[in-house]
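Below: the structure, in structure tokens.
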Amino acid sequence: MISLDRAALDLSDPDAVRAALRAHAPDLVVNAAAYTDVDRAETDRERAFAVNAMAPGVLAEHARAAGTLLVHWSTDYVFDGDQRTPYAESAIPRPLNAYGASKLAGEAAIRDSGAAALIFRTSWVYGLRGRNFLLTIRRLAATRDELRIVADQAGTPNWCRELARVTATLIARGLPYLRERCGLYHLSARGATTWFDFARAIVGDVPRPRVVPITTAEYPTPARRPVYGVLDSALFERTFGLALPDWRRSLADCMNSPAEPPGDAQVACPPSGPPGR
């Protein structure tokens, strides 16, 4: 397995992506990388689209030409959040921000290429490395008496290690198996919550810090977020016979697990939601 971090491959450089593909000639490409700074993408659209749209297009072009299989991760932020029931794959995407638009453009580039590809949409990814909501809340909880967290945006947290495990499980079934099931799937833990309740679950039953619910209006950000981003994973579960556990169980497993092994890669779990104040 060849794992390329930012130092080894700049995804905003199409020529570098093509050169890496030629050099390594992979049978399978898993693209779990993305420009994930949701707010900065509003003013850094060119780079966001280069990484999230152009690079997947280059990967897909190579996959089609070389007969390579592509596995690509996308996001619930392709939706506007106006729905109040879990989003199925048939729902019409309407992103509210540049990040979501760039990820949707990446999906379209892969689809239009005709490459053999599986696109997995997920949401609220966290882990024990990098920059993500879990680590942000842990850091703030260690230094503050009160955390003010957005309580009117709903979604489903997903532990990055669970997503990695299910990816590895599918790959272990063989490339012919995956080629027969190419397409777009929603892949998320079960259940739903808010950023506020997610933060309370991370902090636990302690007197300090006090976790206080606030509205989106009380915590304005450059990028608009969907108020509802729960994904329906029924199609994935029927197709592959796999399901992720409830988000609370995954969170408990994550918080009780050993620290992630150190690495040179600069990892940012997508997308970082509004932690509040």
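Numbers for the structure displayed
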| read-out | value |
| --- | --- |
| Where Tyr77 falls short, out of the listed (1) surrounded by fewer than 16 Cβ atoms within 10 Å (Cβ to Cβ); (2) in contact (Cβ under 8 Å) with a residue 60 or more places away in the chain; (3) of a type in the set (Ser, Thr, Tyr); (4) closer than 22 Å to Gly183 by Cα | (1) |
| Cross-chain or 6+ apart pairs with Cβ under 9 Å, the stretch 13-31 first and within 16 Å of Asn52 (Cα to Cα), then of a type in the set (Phe, Trp, Tyr) | Val30/Trp73; Asn31/Trp73 |
| Identity of the residue in the stretch 201-214, of a type in the set (D, E, K, R) and in contact (Cβ under 8 Å) with a residue 24 or more places away in the chain, that ends up surrounded by the most Cβ atoms within 10 Å (Cβ to Cβ) | Arg210 |
| Some residue of the stretch 174-186 being acidic (Asp, Glu) and part of a helix (DSSP H, G or I) | no |
| Counted residues, the stretch 96-125 - those being surrounded by fewer than 24 Cβ atoms within 10 Å (Cβ to Cβ) and of a type in the set (Lys, Arg) | 1 |
| Any chance Tyr185 is among the aromatic types (Phe, Trp, Tyr) and either exposed (fewer than 15 other Cβ atoms within 10 Å of the Cβ) or within 18 Å of the chain's Cα centre (by Cα) (or both) | yes |
| Test: residue in the stretch 225-244 that is charged (D, E, K, R) and in contact with a helix residue (DSSP H, G or I) (Cβ under 9 Å, 6 or more places away or on another chain) | yes |
| Pair list, Cβ under 9 Å, 6 or more apart: the stretch 125-142 residue without any contact (Cβ under 8 Å) to a residue 24 or more places away in the chain, other residue of a type outside the set (Ser, Thr, Tyr) | Leu135/Gly127; Leu135/Leu128; Leu135/Arg129; Leu135/Cys269; Ala142/Pro209 |
| Residue identified as more than 15 Å from Leu231 (Cβ to Cβ), over 14 Å from the mean Cα position of the chain (by Cα) and among the basic types (Lys, Arg) among Arg111, Arg131 | Arg111 |
| Residues satisfying the stated conditions in the stretch 200-247, i.e. at pLDDT 95 or above and among the aromatic types (Phe, Trp, Tyr) | Tyr228, Phe236, Phe240, Trp247 |
| The stretch 80-100 residues that are without any contact (Cβ under 8 Å) to a residue 24 or more places away in the chain and on the phi < 0 side of the Ramachandran plot, paired with ones that are among the hydrophobic types (A, V, I, L, M, F, W, C) and not in a helix (DSSP H, G or I) (beta carbon under 6 Å, 6 or more apart) | Pro93/Phe79 |
| All positions within the stretch 47-74 that are assigned to a loop (DSSP other than H, G, I, E, B) and surrounded by fewer than 20 Cβ atoms within 10 Å (Cβ to Cβ) | Gly67 |
| Residue tally, condition surrounded by fewer than 13 Cβ atoms within 10 Å (Cβ to Cβ) and assigned to a helix (DSSP H, G or I), over the stretch 13-38 | 5 |
| Qualifying residue in the stretch 153-173 (condition: among the charged types (D, E, K, R), loosely packed, with under 15 Cβ neighbours inside 10 Å and more than 20 Å from Asp246 (Cα to Cα)) | yes |
| Top-ranked residue in the stretch 226-255 [being among the polar types (S, T, N, Q) and within 22 Å of Asp197 (Cβ to Cβ); ranked as surrounded by the fewest Cβ atoms within 10 Å (Cβ to Cβ)] | Ser250 |
| From Thr75, Thr68, residue being of a type in the set (Ser, Thr, Tyr), in contact with a Ser or Thr (Cβ under 8 Å, 6 or more places away or on another chain) and within 20 Å of Thr167 (Cα to Cα) | Thr75 |
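The values are calculated or read from the model by the stated rules, or taken from the named source; none is laboratory data. Keep in mind it's a predicted model, so treat the numbers as computed, not measured. As a convention, Cβ positions derive from the backbone with ideal geometry for all residues, glycine included, and neighbour counts pool all protein chains shown.
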